[in-house]
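Data block below; observations after.
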Amino acid sequence: MRPPLEIHIGDRVRLRKPHPCGGYEWEITRVGADIGLRCLTCGRRVLLPRGKFEKRVKAVLGGDGGARPT
Ligand SMILES: [Zn+2]
């Protein structure tokens, strides 16, 4: 089993599939049972259940822009 994904508000993440607007990068706006995300390309906000979010995320870029593998 994979360890739980460690994310923090303000982190940037890259998802496996692009948003309909074409953006791949999202900022974390909420952390809990649901994960809040804001699309960095169009600014739209979404909420995803944590399990679904963890399946969709490809990489956590971190708040400082330093990439690390998931
Ligand atoms: Zn978007």
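Just so you know, all these numbers are worked out from the coordinates, no wet-lab data involved. Quick caveat, the model's predicted, so the values are computed rather than measured.
Using only Cα positions of the range 1-56, each an equal point scatterer, no hydration layer, compute I(q)/I(0) via Debye at q = 0.25, 0.29, 0.31 Å⁻¹ and quote the log10 values to two decimals.
Rounded to two decimals, the profile gives -1.03, -1.33, -1.47.
Among the aspartates and glutamates, which have Cα under 17 Å from the Cα of residue 58 when same-chain residues fewer than 8 positions away are ignored?
6, 11, 25, 27
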